[in-house]
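The values are calculated or read from the model by the stated rules, or taken from the named source; none is laboratory data. The model shown is predicted, which means the values in this text are computed figures rather than measured ones. Note: ideal-geometry Cβ built from the backbone for every residue, glycine included; neighbour counts use all protein chains shown. Areas reflect the complete protein model, heavy atoms only, side chains present, ligands, DNA and RNA absent. Shrake-Rupley method; radii C 1.70, N 1.55, O 1.52, S 1.80 Å.
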Amino acid sequence: MDASHAKYQRLIDRCQAMPPTPTAVAHPCDASSLTGAMEAAKLGLIAPILVGPLERIKAVASESGVDLTGVPLVDAPHSTASAATAVALVREGKAEALMKGSLHTDELMGAVVKRETGLRTARRVSHCFVMDVPGHEDALIITDAAVNIAPTLEEKVDILQNAIDLAHALKAPEVRAAILSAMETVNPKVPSTVEAAALCKMVDRHQITGAVVDGPLALDNAINLEAAKIKKIDSPVAGRANILLVPDLEAGNMLAKSLTFLAGADAAGIVLGARVPIILTSRADSVMSRLASCAIASMVAAARREGAKILG
């Protein structure tokens, strides 16, 4: 095993001890999306239900040398119908996770957020990258770098809570969330610092639960203990954060891609806040990233089953 994938490998190993999660795969009509789903199935992470134009899926399987024996197939004529049908399988209780195939993210998420037929909950839908950064001890959860463009304070409450719940589903021993800005002092001219301070007070008042939270913090003093010491920041989060809440999508996207392309990190992506976890992979993702995304979704689904048992 490549040492740089150690954190992902631990997640995958943990998932292999659990039953595979029934997963509706929407429109797996190219080699990367179909083989990604089937690789995850081979490792016992998911039990895929392939949704899309059957002849196209079979043709791709034949070209890619993928054996579909025993895999449930559900016919849908085109990508929009594939998204709607995959969402319907979740609503019917036949799938506990959703996975993006070779359709646009907007098409899949459009079906997810539809008021009458989608998978909305009271929570805001948000995206988390779980980054495996070489040389960094913990996996880093970065949110939101893919769904919410310029979130309000109210929306950041849900984005943060979704990420905290994810960290617990991934069995993090302690959840430490940093609210990022360009500085670690509150400056009325920089709105993200004011919102960070408000989020921390909301944690004090138990409006956000399950984590130690601090902010505003600049990136260096959120993840580097030496930088935090130099700035004399007295905080259980500074230098040790495992969740990074970014001010907006642009900052998050640049941070995640910097880690990927400059630091050799892998980025597994998942959407939370819907009825089930949604695996969003991109054609540029490595095989390890795709497998890790499936493992993360399985652990979230398992945590939800446990929560339902406790509440039930």
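Hey, can you tell me all the residues within the stretch 157-171 that are open to solvent by 10 Å² or more (accessible area, probe 1.4 Å) and either acidic (D, E) or within 16 Å of A222 (Cβ to Cβ) (or both)? Matches in the stretch 157-171: D158, D165.
Hey, can you tell me all the residues within the stretch 234-245 that are in contact (Cβ under 8 Å) with a residue 40 or more places away in the chain, farther than 19 Å from L166 by Cα and open to solvent by 40 Å² or more (accessible area, probe 1.4 Å)? If the condition is that a residue be in contact (Cβ under 8 Å) with a residue 40 or more places away in the chain, farther than 19 Å from L166 by Cα and open to solvent by 40 Å² or more (accessible area, probe 1.4 Å), then P236 is the only one that fits. Pairs meeting the criteria (first residue in the stretch 276-287 and among the polar types (S, T, N, Q), second residue part of a strand (DSSP E or B), beta carbons under 7 Å, at least 6 apart or on different chains) are T281/K100; T281/G269; S286/D266. Each residue in the stretch 246-284 was checked for being open to solvent by less than 30 Å² (accessible area, probe 1.4 Å), under 30 Å from P22 (Cα atoms) and not acidic (D, E), and 16 pass.
In the stretch 11-64, which residues are among the polar types (S, T, N, Q) and within 18 Å of the chain's Cα centre (by Cα)?
Matches in the stretch 11-64: T21, T23, S33.
Of the set (1) outside any helix (DSSP H, G or I); (2) at pLDDT 95 or above; (3) open to solvent by 40 Å² or more (accessible area, probe 1.4 Å); (4) touching a helix residue (DSSP H, G or I) at 6+ places or on another chain (Cβ under 9 Å), all apply to A177 but (3).
For the stretch 219-233, residues that are among the hydrophobic types (A, V, I, L, M, F, W, C), open to solvent by less than 10 Å² (accessible area, probe 1.4 Å) and more than 23 Å from I149 (Cα to Cα) total 1. Select from the stretch 195-218 the residues that are open to solvent by 70 Å² or more (accessible area, probe 1.4 Å) and farther than 14 Å from D158 by Cα and list them in ascending order. Across the stretch 195-218, the qualifying residues are K201, D204, R205.
Those residues that are surrounded by 15 or more Cβ atoms within 10 Å (Cβ to Cβ), within 21 Å of G118 (Cβ to Cβ) and in contact (Cβ under 8 Å) with a residue 12 or more places away in the chain, I need them from the stretch 51-83; list them, please. Within the stretch 51-83, V51, G52, V74, A76, S79, T80, S82, A83 meet the criteria.
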